[in-house]
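Beneath this line is the structure, given in structure tokens, with notes to follow.
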Amino acid sequence: MSSPYVAPATLEQYYSSVSEKSQVSLLHPTSPIFTSAGRYESTECTTPVGRIIQPGLFCYAKESSTPGLPEGWTTHIQPEGQRYFAHDTGRVVTDAYMYNPSVRAKIMHFAAVVAKILEEQSIHLPDSAELYLSPEEDEADGCGYYIADHASHTISWLEPVDSESMGIPNSVSESNLRFSLEELYWSHIELFPSHRIKSLHLGLDELISVFIQGESDQRTSQTSTFPYSAEQSKHHIRILQHAENITSPHTIWVIARLWVVIARHRQETYYAQERARLDRTQRILDLPMEKQRVRKAIFSATSRLLFGVPQIYVEQLETMWSDSLVYLNIWHDFMVAAQAEWRQYLTWSLGMSIINLLFFLVPGASSTLAGLSLACCAGAAIAAVTLLTCHHTTSIRTLDDATPLLIASRANQHRGVGLSFALPRALFLWATFLAGGQGLVWLARASSVYVIAALGWTTRAIAVSKSVKDLVSVERDTSVFVLFGAFAVLTVVAVLIRRRWDSPTRSWFRREEADQERDIEKA
């Protein structure tokens, strides 16, 4: 379909061709958020083909001609490889492919439309401002726009704009909103860093200071709100210090990307506001809390049956998701610890299963307890394998998987997620206590002669009951496994004693008693 726009050679000719009743309704606000999404999530494909390499290509021969650009327009390459175009005099930038005549006509037309609006509304943009245009590719022939100001480090529009429609989060004041606009500005610089290198004020010294303070905060506080860990901050400081001596699109891109994170962090923590978030676990937002007394009572009872492990996970998730805000490094550390725990209890459950199978072969052992303990081991193993499959390593390195999970679990105050995460540990504990119940069975069947052996087992059981709190904590050591090994050894000793005591030959434990009975019979 041919373009409805005429194609004068210069931007000034386009300006003179725009009538007072131009297609202003087709011009609509957009945001760097949508520009970035369109660039990184594009599904357009290209088809490489074989080519004939002409003699001296890129060497002594003249390069093949490329389609020309209108006067004043130049082409630039973003460090990641995206080509874009800028007009120095008119201060216009676009990532639309202006070598395409139809696309070029749209850009020229809408640049003139914006210039006409500015004249009609008596708006004089500062020399530090530039216009971004993004023509639509469908039949509607619309065009998105925004204005980036390199002096104030913000973006703006020529009409009132609802923040939600631009993907901007809610704010508590205009000064808080400014950080969101600064984030969008730095996103713009990240997308278009190559055409105004010398005229940009990047605030590099301030950014280095911010990361130095952030690293110190992370090293001296367990609940720092800084978005990067101490080790990550250290690496970023090194990179930024190297960037001080290099001015190029690549270093500008690095600085802009880090400013995006800092601006977003300041907006989310309500930096410089009346009520700022100074602690990661601090709640400062008045968010509605759904009251579910019945479900809470059911969960409380279930958690007690599972040794309180689900409640531990719920508290950790609540702390991480304070005010619906989660930090990547905190989420990553939490999931790494959870995965390590699931793998550990998967291994321990398999070991406990073997012990329970041996109990079926031991005379005097309770097959009921062994079966129940074996079932708990199977449940723990299945839960661990399922959780490891659903939350594999690649899904914990970004917030793309964490945020939907936490938002969904927030509906029931994280009880469902906490319960599922706790199953491997809780079921293994049940398997351990059921297997330990075999000692009580033998003690009930035994006579007083092996009370000494039973006392050893009981002492160990008391020690375990006191160490349950340590066992269900996230941080564990091998002492738990040593205790369990001691249980197994004492249990085997008790079995041997029982078998020896019940033998027809009257073992040496009862020899003195047998001699006394013979003396009485002779008398």
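Structural remarks
- Note on Arg283 and Phe58: the extension gain reaches 74.9 nm, defined as 0.36 nm multiplied by sequence separation minus the Cα-Cα distance.
- When nucleic acids and ligands are ignored and a 1.4 Å probe is applied, Cys59 ends up with an accessible area of around 100 Å².
- Loop-located trypsin sites (Lys or Arg not before Pro) in region 210-306, at most 12 other Cβ atoms within 10 Å (DSSP): Arg275, Arg283, Lys291
- Table column - 3J(HN,Hα) (Hz), region 73-83, Karplus curve with 6.51, -1.76, 1.60, x for Gly and Pro: 9, 10, 10, 9, 10, 6, x, 7, x, 7, 7
- Chymotrypsin sites (Phe, Trp or Tyr not before Pro) within region 46-148, DSSP loop, no more than 10 other Cβ atoms inside 10 Å: Phe58, Tyr60
- Accessible surface of region 134-184, 1.4 Å probe: 47 percent of it comes from carbon and sulfur atoms.
- Thr247 accessible area, 1.4 Å probe, all protein chains in place, Å² to nearest 10: 100 Å²
- Rolling a 1.4 angstrom probe over the protein heavy atoms with all chains in place gives region 300-409 an accessible area of 45 Å² per residue.
- Per-residue ³J(HN,Hα) for region 414-429, Karplus 6.51 cos²θ - 1.76 cosθ + 1.60, θ = phi - 60°, Hz, x for Gly and Pro: 6, 5, x, 5, x, 5, 5, 5, 7, 4, x, 5, 5, 5, 5, 4
- Per residue, region 60-133 exposes 50 Å² of solvent-accessible protein surface, assessed with a 1.4 angstrom probe and all protein chains in place.
- Note on Val385/Leu440: beta-carbon distance plugged into 1/(1 + (r/R0)^6) with R0 of 30 Å gives a FRET efficiency of 0.45.
- Virtual paramagnetic centre 7 Å along Cα→Cβ of Glu231, amide N under 12 Å, in region 323-354: 333
- Protection proxy ranking of 344-356, 33-45, by the mean of other Cβ atoms within 10 Å over each peptide's residues and highest first, is 344-356, 33-45.
- Rounded to the nearest Hz, the phi-derived 3J(HN,Hα) couplings of region 223-229 under the Karplus curve 6.51 cos²θ - 1.76 cosθ + 1.60 (θ = phi - 60°) are 10, 5, 8, 5, x, 10, 6, where x marks glycine and proline.
- Amide H contacts under 5 Å for His28, placed H, 5+ residues apart: Cys143, Gly144, Tyr145
- Estimated from the Cβ-Cβ distance and a Förster radius of 22 angstrom, the FRET efficiency linking Glu244 and His201 is about 0.95.
- Packing-based ranking, highest mean first, of 179-185, 124-130 given that Cβ atoms within 10 Å are counted: 179-185, 124-130
- With R₀ fixed at 56 Å, the C-beta to C-beta distance from Ile354 to Phe34 puts the FRET efficiency at about 0.45.
- Cα gyration tensor shape for region 145-287, rounded if a/c is under 1.5, else prolate or oblate: oblate
- Long-range amide H partners of Val92 with built H, under 5 Å: His87, Leu131
- The accessible surface of region 255-376, taken with every protein chain in place and a 1.4 Å probe, is 61 percent carbon and sulfur.
The values are calculated or read from the model by the stated rules, or taken from the named source; none is laboratory data. Predicted model only: the values in this text are computed from it and were never measured. Heads up, the Cβs are rebuilt from the backbone with ideal geometry, glycines too, and the neighbour counts pull from every protein chain shown. The accessibility values were calculated without ligands, DNA or RNA, using every heavy atom of the protein model including side chains. Shrake-Rupley method; radii C 1.70, N 1.55, O 1.52, S 1.80 Å.
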